[in-house]
Each structure stands twice: as structure tokens, then as C-alpha cells.
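Step one of this worksheet: look at the structure below.
The values are calculated or read from the model by the stated rules, or taken from the named source; none is laboratory data. Remember, predicted model here, so these are calculated numbers, not experimental data. No Cβ is skipped: glycine too gets one built from the backbone with ideal geometry, and neighbour counts run over all protein chains shown. Ligands, DNA and RNA are stripped out before the accessible areas are found, and what is left, the full protein with its side chains, is counted by its heavy atoms. Shrake-Rupley method; radii C 1.70, N 1.55, O 1.52, S 1.80 Å.
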Amino acid sequence: MRRIINHEHLRIYRIVTRYIELVTVQRLFLLVDNVLTGRCFCQLEYLQVVFPLGFHAVNAVPEYYLSDERHGVCYAFGGITLIVEHTFSPLPDTKKWRCKKTKEKAASRKRKEAAFLWYNVIVQKQNPQEHYTAYQLKLPVEIEKIIEISDPVYSYSEVMDHIDLNKYLTIEERRPGRPRYDQKTLLKIILFAFMENGYASVREIEKHCKTDIRYMWLLQDNPPPSHMTIDNFMNKTMLENIDRIFADVNEYIFQKEQVDLNHVYIDGTKISANAGKYSWVWKKSCEKNRIKLFAKITELLENMNAGTALLGVKFDIREEYAIEYLEEILKKYIELVGFDPGKAVHGKGNHKTSEQRLIEKLSEYIERLKKYAERIKICGNDRNSYSKTDHDATFMRMKRDHMGNDQLLPGYNIQCAVCDGFIAAFDVYQYASDMDCFQPLIERFQSLYGQYPEYPVADAGYGSYNNYLYCEEHGMEKFMKFTMYEKESKNEKYRNDPYRAVNFPINESGLPVCPNGKEFHFIYSRPVRGNKYGRTEEYFQCEDCCGCPHKEKCCKCKGNRIVRLNEELTQFHAEVLNNLNSIHGALLRMNRSIQSEGTFGTIKWNRSYIRARRRGLKSLFLEFGMISCGFNLHKFHLKKVALRSAA
């Protein structure tokens, strides 16, 4: 047998005798083996060997070339195909791979039994069939060699290595079944996912553990956890410990970065809840409907008393009815009239008795009262509404009004206290007003760090009489704007307006005097709404406004003008104006707009967190707690990179 090797391809062709000897075939495959193993300087991509029908070629072929895959009368193995030919008719689909010389020989065949051997190199475009893949996973022994030295995973690992994670983890007794997944590893991959993405779903975390080399490094040879494992760990373990985890992460970062806790910049934002937009329940509507229902119950009891008068029984008529009282009346009425609920009739063509109608009506009213009582209880004392799909969500106005009709949407009020660009404290509230969120947020700050901030800086939404008194009580400076701060500081005409009550001069008797020289006499005092310090505000009325030349400019009322004065609040406003208009106050106002509003800008727009994913107040607290941990960790990494580049 003769072989010819050139640079482009390899052909082996020789007309063999009528019957091929096994030794010849073995030599042929020895040559093929040399080509495949690289002993010959040639690249063999495809080989076809054709034998007569009666030839047992399988016995002559080495075993490692054979496979179990068979196509008709062909044996396919690797890049080599063994074909047992029946006749001299052309093989199917051989126009692409048969050489010219073989075609000529096939046309001149006259014998039914003959054999041919040939090689033919087929390019991939000509034959798309492939039995191998060119892509193979090649990893070094140490994964750290692939991860860049400036990757965030190293900054994250530095923080987590200095935290004792064991105190957050639950210890359960040994139980049968599969062993529990390592909780430290779960905590690490969850917080790193929130550090990288701002917010990460459990399925995204599962995907990262399977595809991202950094998560594989954090897993430390542990198998990737499933999304249900991650979700169960969040809801059972992290839900109760997220505030402690947040405090420990901040403790290390604040110590390394020397964060100033005396200057706190406060801001809030409203997040749409994961609830239906049209699933509202209004507390006032329930209270009004309940009052109307009481009137219907009174009318119904009067009809029942008319029927039971002969029995000498009369039910008490009241303005309001307790559910237990009505249930007792229903039970007693059924006994008096001898009604059997099992014999009650329903449907078309059945005539109900008057007793059955009264009993069904009272049962319906009792169920409606239960529904109203439950809804009012869910709302509580501080809310006026809630959502049917998320009972903790409250309907409030959002900045993004998609309908364009000032529609109320279910949401939460998220508050953050920022120090040097880091989130020092956060909380989630159910009421829309920022004034009601200031004091609980400062109390949370004090519980985390053991001190009150010296300079709490906030916008006009937080400046109220109650909050100023709270700062006065705890030794904090007043740097919160009030409602008319912009007008007071920039509009000189408004500030010096002689018709404003705060600008009225006080005479020797201690009474305010209007520009016309008339005194304002004290009428009554009223407690300040929501004030727990017992503060009141005084109401004064002018002695005579008839024929006053300043009437049109002074007031638009028909009678004598009534003004409301709070001397202590007026002094607070003057102090706030003095603080905020100083050089220190101007710097604090500038920093507040950069740090606190910039924090929410990063979370909402750079990291696309504009809607809550979880339902319930506790679940949302967990969600934003993980987001806050990830934000601080990411900020810590960026400061390290900036410091390294500056050096």
C-alpha cells in the first residue's frame, strides 16, 4: 500500500484485490492512527472506507475507533466512517465528497463485488456534521488568578472577614434528611449580589452562582444553592437579623473611613408597593357605612320587636351595636319564633316567611359589621387607607403620576440618614408625611450608635413645631427648613409685611396691635395637634375692624380678624433662619442635596429600584436593609479605588 502526503490534504488510494485481507485493513488503520495522533504532519478531518457486503470489517478495525452509533449499513466512529456497500450504484449524497478519480471508477464498474479505499478531506462548510466541540473549559488551579485585583469581591471579602457571622445564624438540632446548606456562604453571596446590582432576585443570585467566577470563589467548593434555598434563608434567618448585620457592616466601614456621625443628612422617598393600584380600602368610608348600617339595624330591631311583643320580649335599641350583642339577639330570636335553619327555603318560586327574612337580614348586617370592624382595625389609628393585596401599604401621592390625574397609589415611605455618603440609618414607614418620620428615624440612629447627631439637616418637609421641640429636648441644633423658608429668606416684601401677625408690635399690656392701632384680645387657646409636650397656640381677635382703611390688605373676612400666634414657634423659625443662612448652614444645605438626595438617586435610577418587590412592612424592611448594606459596601469599594488611583 502506498501513501502520499502533501500540505493541503492526504489521499490514500489503491485498488485492492477481490477480497481484502485483514492484515491490509489493520495496516490501513495503523496509518489512520498515526494521522490522528499527530505522528504524521497532517490534519485528518474526515475518513470514509468502503468494503464489500460480505466482508466482516468490524473484526479488522481497532475497537477504539468504533462506536454504537449506526446509520443504515454504516459504522460511524469519530471522524472515520465505515461503509459496507451493496452494489456499484452511487452512494447517497456523495457528490460533495467523492473525488474525481473515484467517480470515473464507479462508472466503469462491472463487477458487483469490489472494494475501494480512499481518503478525502472535507471542509466544515461542505459537511456540517461534527462529532466534537472546539470549546473546552480550561480553568487554572487557583480561581483568584482570573479575578482582577481591583474587583469589588476583594473589598467585600475584607469587610465580611472582620464580622462575626455566627451570631446571626440559627442553630437547630440534628434532623434526618439532607444536610443544611452552609449559612455563612449564603449570607456572603446574598450581600455580594446586592452590592453588585443594587437589588438582586433569588433567581438572579442562583444564576450568578452557576456562571460568575467571583461567586464560585465565594462559594469555596460548595455547590450552587437553589433559589428556594436562598429565599428560605432570607425569610427565616435574615429577616430577624438584618438590622444587626447592617450595624456590623457599618461599624467596620465607618471605622476605616472615619465617618462623621455628628452631621446627618436626612431625606425620604416614596416607593410603590407590590400591590394592586385599585385595591384601596378607605377608613372614613368604612366608618360612614358603619353608621348608616347602625340605622338599618335599628329599623330591623323595631320590626323584630313588633313580632315579639306578644311574647313579652323586647330588644334594646341603641345608637351603636356591638357584634356580640347582635349575635346574642339573633340566637334568642331564632329560639323565640321556633325557626329551623334546616327548613329555610331559597330560590325562585319559594315564599319566605317574615321570620326567615328578618333572620337573614340580621345575619347579613352582622357580617357587614364584622367586615367594617376588621378593615378599621387594619388601618389603625395612624392610617386612613390600606391595600387589599398588601395590608401594610398605604395609599399616598407619588412623584411619578402615570395616569396624570393625581391618583393615590399604594406605597411606603422610606427614610434614610446619610453620613459622609454612607447610609447610617434607615427605616420604612406607612404614613406619607415626612414630619411624622423624623423622630422615629433619629431614635433608630441613637439605638445604632448610642448618640444623637449634633447637626440633623433636612428639608422643609421635616420642619415642624414638634420636631423643633424634640431637637431642643435632645440637644440637637435646628437645621431643618420650615414650610415658608424660601419666602422668608429670599422675599423681603413678604418677610417685612406689616399685615402678618408675627410682625404686629406688642404693646405694654402684652397684646398685639394691628397697623390701624387696634388691639387684638385673647379669645382661647388650643393644644397643638400631635404635640406630646402640652404646648398650646393662642387665638386673638381684633377689637374693631369696621371702617378700617387697611381692611382690604389686612384680611378678607367679613367680621373682625382672628389670628393664631405661637410665640415659641416664631422664635424657633428665627433660630432656624439664623442657622441656615450662616456659612456653616449654607455648606450643610449644599451637602444635604449632594449626599442624601444623591443616595436615593443612585438607588432608584442608577440601580433601578423604584418599586418594592416584597409585600409587608417587615419584608420590605429586610429588602431595603439588604439594599442599604450593598450600597455601603459598594461605596466603600469605590472610595478604595479612588484612593488607590490618587496615590
Open item on the list: Can you compute the label reach from residue 305? Point 7 Å from Cα along the Cβ direction, backbone N cut-off under 18 Å, restricted to the range 356-389.
Closed with: 358-359, 362
Task: Net dipole in debye of the range 146-243 [+1 Lys, Arg Cβ; -1 Asp, Glu Cβ; about Cα centre; nearest 20] - done: 480 debye
Open item on the list: Once R0 is set to 30 Å, what does the formula 1/(1 + (r/R0)^6) return for the Cβ-Cβ distance between residue 492 and residue 433, expressed as a FRET efficiency to the nearest 0.05?
Closed with: 0.45
Open item on the list: Leaving ligands and nucleic acids out of the surface, order 157, 593 by accessible area at 1.4 Å, largest first.
Closed with: 593, 157
Task: residue 383 paired with residue 522, simple spin-label distance in nm, labels 7 Å along Cα-to-beta-carbon - done: 4.2 nm
Open item on the list: Is there a quick way to get the dipole size of the range 488-647? I mean about its Cα centre, with the Cβ of Lys and Arg at +1 and of Asp and Glu at -1; what is the value in debye to the nearest 20?
Closed with: 1560 debye
- [ ] Calculate the spin-label point distance for residue 244 paired with residue 499, positioning each point 7 Å from the Cα along the beta-carbon direction, and give it in nanometres.
- [x] 6.3 nm
Task: Nitroxide proxy distance, nm - points 7 Å out along Cα→Cβ at residue 371 and residue 399 - done: 3.9 nm
- [ ] State the answer as a single residue: which of 255, 233, 321 lies farthest towards the positive end of the charge dipole of the range 215-323, with beta carbon charges of +1 for Lys and Arg and -1 for Asp and Glu, about the Cα centre.
- [x] 321
- [ ] Just report the Cα centroid separation between the range 271-344 and the range 449-509, whole Å.
- [x] 51 Å
- [ ] Grab the other residues whose beta carbon is less than 14 angstrom from that of residue 448, score K and R as +1, D and E as -1, and report the net.
- [x] -3
TODO: Determine the gain in length on full extension of the stretch residue 313-residue 644; use 0.36 nm per residue of separation and subtract their C-alpha separation, reporting nm with one decimal.
DONE: 110.1 nm
- [ ] Please work out how much accessible surface residue 502 shows to a 1.4 Å probe, ignoring ligands, DNA and RNA, in Å² rounded to 10.
- [x] 70 Å²
TODO: For 464, 525, 645, write out the residues from largest to smallest accessible area, computed with a 1.4 angstrom probe and no ligands counted.
DONE: 645, 525, 464
TODO: Could you tell me which of rounded, prolate or oblate describes the range 214-254, using a ≥ b ≥ c as the square roots of the eigenvalues of the alpha-carbon gyration tensor, with rounded for a/c under 1.5 and, failing that, prolate when a/b is larger than b/c and oblate otherwise?
DONE: oblate
Open item on the list: What are the ³J(HN,Hα) couplings of the range 507-522, residue after residue, when phi is run through the Karplus curve with 6.51, -1.76, 1.60 and θ = phi - 60°? Round to Hz, x for glycine and proline.
Closed with: 7, 5, 7, x, 10, x, 10, 7, x, 8, x, 8, 7, 9, 9, 5
- [ ] On the full set of protein chains, 1.4 Å probe, figure out the accessible area of residue 487 and give it in Å² to the nearest 10.
- [x] 90 Å²
Open item on the list: With every protein chain left in place and a probe of 1.4 Å, what is the accessible surface of residue 634, to the nearest 10 Å²?
Closed with: 50 Å²
